[in-house]
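The values are calculated or read from the model by the stated rules, or taken from the named source; none is laboratory data. Because the structure is a prediction, the values reported are computed rather than measured. Backbone-built Cβ (ideal geometry, glycine too); neighbour counts: all protein chains shown. The area values use the complete protein model at the heavy-atom level, side chains included, leaving out ligands, DNA and RNA. Shrake-Rupley method; radii C 1.70, N 1.55, O 1.52, S 1.80 Å.
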Amino acid sequence: MAMKRAGLTLAQIQSMTAGPRPDLHSIVAAQIQVLEAREREVAAARELLASILSRIERSEPIDVATFCSLIRQGENAMSQVKLDALASQYMSPEQNLAFREAVQALPADFDAEAHDKKWQALSARIKAALPLDPASPAAQAFLDEWDELAAPYIAACSAEALKGVSNMHEHIEEWDREVDAPFDAEVFRFHQAAQRARDAMHGPADR
């Protein structure tokens with residue numbers, strides 16, 4: 001309970017108590033990053049509302065469409081802050097840095113927002129098709145689409161970055177719905193099942 005009051009997550013508490021010599025420095029440092037991210041999130045929300053209030057006080061017209069557009073801009077910024085906080089919980093500092101470098105290394109013409117929309121659309125189609133035999137042709141076709149969407153990130157990521165991302169997604173049930181991710185835990189677990197089915201049929205491929 002003392003650790004919980006200090007702001008540590010259940011996963012961090014488990015890590016600290018599982019072995020005789022927990023990496024206390026890394027755990028505390030990661031939690032400080034989480035708290036700093038939360039501070040940035042609150043600051044971003046305050047700045048957004050202050051901007052809207054200032055425009056109202058200047059008698060500038062704020063219709064519903066403009067108001068919603070401003071909120072969406074703020075939500076996008078806060079979603080990134082939340083994602084950064086999550087990454088700090090499940091990735092080592094080295095993995096987190098490697099992933100950030102990988103994102104920056106994506107081609108200049110890579111449209112992350114459009115890419116996420118494609119992933120969201122695929123996720124919705126998978127969700128609508130469940131339950132589905134992971135070895136079925138339909139499931140394997142979904143897996144092909146998934147791999148195609150993942151390819152730009154995999155190409156840009158180092159082995160260290162991929163290890164961190166993999167660990168984060170292995171705990172997806174702990175943070176599902178906390179951020180605006182392109183897929184939820186159910187869809188991700190289906191993807192894993194479809195991949196295992198493919199490996200059983202053809203043998204594991206180098207990925």
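For the reader, a short list of remarks on this structure follows.
- Single residue of A105, A124 found to be open to solvent by 50 Å² or more (accessible area, probe 1.4 Å), of a type in the set (G, A, S) and under 20 Å from D84 (Cα atoms): A105
- Among the candidates S69, S15, S51, S79, residue that is part of a helix (DSSP H, G or I), at pLDDT below 70, more than 22 Å from D180 (Cα to Cα) and open to solvent by 30 Å² or more (accessible area, probe 1.4 Å): S15
- When A181 is tested against (1) small (G, A, S); (2) surrounded by 15 or more Cβ atoms within 10 Å (Cβ to Cβ); (3) in a helix (DSSP H, G or I), just one condition goes unmet, and that condition is (3).
- When we screen H169, H202 for residues that are of a type outside the set (D, E, K, R), modelled with pLDDT under 95 and open to solvent by 50 Å² or more (accessible area, probe 1.4 Å), the only hit is H202.
- Residue in the stretch 104-116 that is in a helix (DSSP H, G or I), among the aromatic types (F, W, Y) and touching a residue at least 40 places away in the same chain (Cβ under 8 Å) present: no
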